[in-house]
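The next block holds one structure in the form of structure tokens; read it before the comments.
The values are calculated or read from the model by the stated rules, or taken from the named source; none is laboratory data. None of the values given here were measured: they were computed from a predicted structure. Here the Cβ positions follow ideal geometry from the backbone for every residue, glycine too, while neighbour counts run over all protein chains shown. Side chains included, ligands, DNA and RNA excluded: accessible areas come from the protein's heavy atoms. Shrake-Rupley method; radii C 1.70, N 1.55, O 1.52, S 1.80 Å.
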Amino acid sequence: MEKSILVESVRYSAVCQGCGVEAEWCGVQALVGETLRWDVESTCSTCGLALAVCGGDLPDEMRSRLLSERGRARLRVSAPASNATIMRVLRAELGIGLDGIKAVLEQVLSGQYSGTLPEMELLARKLRASGIDAVASGTVD
């Protein structure tokens, strides 16, 4: 199991839970070992309230913002690769049924499957652990 940490962050404004003014927040999607997590923190410049929430799920709107600001990362596998092994890993990690897995497999094989860099690196790590040569790489959209 790979132990390195990979992060992508985004800054945004949200209401302070202490005084109700707009405060600056920092959100981080982190891949820690084989676990994805979403951490946020803020310190209000008006009332001084400091807040950190760690280990949550990445909200859809923040995922969209990460993809918009950081770009999409692509998952690539080297040929020849075992399609059955790739499908098994993808089904386990993504929760995709048999009817949807073939489309995802085609995207992976063509280098078009994308998401945040931590998401793609997690899939690459899972594939490498199953003997598939896989890499996640950042791209410019």
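With the helix formula -39500 (n - 2.57) applied to DSSP H stretches of n ≥ 4, the chain reaches a computed 222 nm mean residue ellipticity of -10500 deg cm²/dmol.
Heavy-atom accessible area, probed at 1.4 angstrom with all protein chains present, ranks 60, 133, 39, 99 as 99, 60, 133, 39, highest first.
Pair-distance distribution P(r) for the stretch 8-100, from all Cα-Cα distances in 5 Å bins starting at 0: 3, 11, 16, 17, 16, 13, 8, 6, 5, 3, 2, 0 percent.
Legend: calculated FRET efficiency, residue 70 to residue 128, from the Cβ-Cβ distance at R0 = 35 Å, rounded to 0.05, equals 0.95.
With both labels modelled 7 Å from their Cα along Cα-to-Cβ, the residue 98 to residue 41 distance reads 4.8 nm.
Stretching residue 13 away from residue 85 to a fully extended chain increases their span by 21.7 nm, per 0.36 nm per residue minus the current alpha-carbon distance.
Contact order for the stretch 15-89, expressed relative to its length and based on alpha carbon pairs under 8 Å spaced 6+ residues apart, stands at 20 percent.
A cysteine counts as unpartnered when no other cysteine's C-beta lies under 4.7 Å of its own; in the chain this applies to 26, 54. Each Cα pair under 8 Å and six or more residues apart adds its sequence gap; the mean of these over the residue count of the chain is a relative contact order of 24 percent.
Per residue, the stretch 1-114 exposes 60 Å² of accessible surface when a 1.4 Å probe is rolled over the protein heavy atoms with every protein chain present. If you plug the beta carbon distance of residue 24 and residue 4 into 1/(1 + (r/R0)^6) with R0 = 35 Å, you get a FRET efficiency near 0.80. When the square roots of the Cα gyration tensor eigenvalues are ordered a ≥ b ≥ c, the ratio a/c for the stretch 68-141 is 1.5 or more and a/b exceeds b/c, which makes its shape prolate.
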